[in-house]
Amino acid sequence: MILRGGEPFFYRGGSHGVLLVHGFTSVPAEMLLLGCHLHDLGYTVLGVRLAGHGTTPKDLERMSREDWYDSVCDGYALLDSCCEKISVVGQSMGGLLSLRLAANVPVHSVAAMAAPIFIHEDKMLYRLPPREKCAGRFQPKRRRQLPDVPEECNASYLEMPLVAVHEVLDLVEVVKKELPRITAPLLLIQSYNDHTVRYRSASYIYRRAGSQEKELHWLDKSGHLLTLDCQREEVFQHVSAFLQK
């Protein structure tokens with residue numbers, strides 16, 4: 001069974017396709033408002049569902065970082081069948097997956113919002129058990145419910161498999177090594193008020209990405225969920241202006 005908001009979404013528009021990638025334990029609807037904004041501007045938009053997401057945490061426990069990346073590659077292939085050029089935009093872990101895609105296939109441009117390289121100390125990663133002791137273990141997960149967005153956009157797992165947390169950390173290491181291979185124009189958006197990702201993550205990505213054209217925009221009021229939080233309209237404007245260049 002797929003959660004409400006867990007379904008992929010596709011809006012047919014023009015020849016420029018935009019692949020939207022949601023974050024860890026979240027659902028495609030996390031990117032829905034941005035997707036509607038971009039479709040209104042004439043883009044073809046596909047919001048993918050990452051493997052193990054939008055169903056149950058036990059499904060997520062069975063998936064790896066390669067399964068998540070395969071989901072993104074599948075979305076890219078679908079857009080490639082109907083669009084002349086493709087950009088990819090990701091939130092949080094979706095930002096990491098977007099960067100990895102840009103390092104390995106031709107994309108017109110790539111945008112990563114709140115992409116984690118360094119995890120905020122509030123998440124107490126030092127308490128994460130070794131991988132071999134994480135099988136079958138789940139950690140309760142709180143997510144701030146934003147009151148002024150559709151209910152399905154707030155959907156998320158209420159617990160996370162600890163094995164999957166290790167997969168996220170492994171994905172970070174993979175992306176760090178691949179950043180120099182990114183040559184497409186790059187947009188990064190990060191909030192100083194993010195209590196999931198340390199804000200210096202964005203500076204790290206900016207310095208090490210191989211792109212000649214790079215933009216880094218800072219926010220000061222939003223938390224981690226940049227596509228849904230109080231400055232989302234500013235985020236949408238940054239993304240659409242970047243894609244239109």
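Pairs linking a residue in the stretch 204-215 that is closer than 16 Å to residue 243 by Cα to a residue that is among the basic types (Lys, Arg), with Cβ atoms under 9 Å and 6 or more positions apart or on different chains, are 213/245.
What about residue 49, is it more than 30 Å from residue 84 (Cβ to Cβ) and out of contact with any strand residue (DSSP E or B) (no Cβ under 8 Å at 6 or more places or on another chain)? So residue 49 fails the test.
So if I check each of 49, 4, which one is touching a helix residue (DSSP H, G or I) at 6+ places or on another chain (Cβ under 8 Å), open to solvent by 40 Å² or more (accessible area, probe 1.4 Å) and modelled with pLDDT under 95?
Selected residue: 4, the only one of 49, 4 that is touching a helix residue (DSSP H, G or I) at 6+ places or on another chain (Cβ under 8 Å), open to solvent by 40 Å² or more (accessible area, probe 1.4 Å) and modelled with pLDDT under 95.
All conditions but one from (1) touching a Gly at 6+ places or on another chain (Cβ under 8 Å); (2) modelled with pLDDT under 95 apply to residue 141; the one that does not is (1).
Is it the case that the stretch 57-64 has a residue that's over 17 Å from the mean Cα position of the chain (by Cα) and surrounded by 15 or more Cβ atoms within 10 Å (Cβ to Cβ)? Yes, the stretch 57-64 contains at least one residue that is over 17 Å from the mean Cα position of the chain (by Cα) and surrounded by 15 or more Cβ atoms within 10 Å (Cβ to Cβ). So which residues in the stretch 201-213 are closer than 28 Å to residue 27 by Cα and open to solvent by 20 Å² or more (accessible area, probe 1.4 Å), if there are any at all? If the condition is that a residue be closer than 28 Å to residue 27 by Cα and open to solvent by 20 Å² or more (accessible area, probe 1.4 Å), then 203, 204, 206 are the ones that fit. Checking the stated criteria, residue 189 turns out not to satisfy the condition of being open to solvent by less than 40 Å² (accessible area, probe 1.4 Å) and closer than 14 Å to residue 117 by Cβ. At pLDDT 95 or above and either surrounded by fewer than 16 Cβ atoms within 10 Å (Cβ to Cβ) or among the aromatic types (Phe, Trp, Tyr) (or both): is that true of residue 180 in this structure? Yes: the conditions hold for residue 180.
Considering (1) surrounded by 22 or more Cβ atoms within 10 Å (Cβ to Cβ); (2) over 15 Å from residue 85 (Cβ atoms), say which one residue 33 fails and leave the rest. Unmet condition: (1). Here residue 21 clears all of (1) among the β-branched types (Val, Ile, Thr); (2) open to solvent by 10 Å² or more (accessible area, probe 1.4 Å); (3) farther than 17 Å from residue 151 by Cβ except the condition numbered (2).
Selection within the stretch 80-110: residues that are open to solvent by 20 Å² or more (accessible area, probe 1.4 Å) and part of a helix (DSSP H, G or I). The member of this set that is nearest to residue 190 (Cα to Cα) is 100. Would you be able to say whether some residue in the stretch 224-238 is part of a helix (DSSP H, G or I), farther than 24 Å from residue 44 by Cα, touching a helix residue (DSSP H, G or I) at 6+ places or on another chain (Cβ under 8 Å) and not acidic (Asp, Glu)? For the stretch 224-238, residues part of a helix (DSSP H, G or I), farther than 24 Å from residue 44 by Cα, touching a helix residue (DSSP H, G or I) at 6+ places or on another chain (Cβ under 8 Å) and not acidic (Asp, Glu): absent. Residues considered: 178, 167. Of these, the only one that is outside any loop (DSSP other than H, G, I, E, B), in contact (Cβ under 8 Å) with a residue 12 or more places away in the chain and either closer than 21 Å to residue 28 by Cα or in contact with a Cys (Cβ under 6 Å, 6 or more places away or on another chain) (or both) is 167. The requirement of being modelled with pLDDT of 95 or more and in contact with a strand residue (DSSP E or B) (Cβ under 7 Å, 6 or more places away or on another chain) is fulfilled somewhere in the stretch 162-171, by at least one residue. Restricting attention to the stretch 120-160, the residues that are in a helix (DSSP H, G or I) and surrounded by 13 or more Cβ atoms within 10 Å (Cβ to Cβ) add up to 5.
If you go through the stretch 34-79 and keep only what is without any contact (Cβ under 8 Å) to a residue 12 or more places away in the chain and in a helix (DSSP H, G or I), you end up with 40, 59, 66, 77.
The values are calculated or read from the model by the stated rules, or taken from the named source; none is laboratory data. The shown structure was predicted, so the numbers you read here are calculated from the model rather than taken from an experiment. Methodologically, a virtual Cβ is constructed for each residue, glycine included, from the backbone with ideal geometry; neighbour enumeration extends over all protein chains shown. Quick note on the areas: whole protein, heavy atoms, side chains included, nothing else; ligands and nucleic acids left out. Shrake-Rupley method; radii C 1.70, N 1.55, O 1.52, S 1.80 Å.
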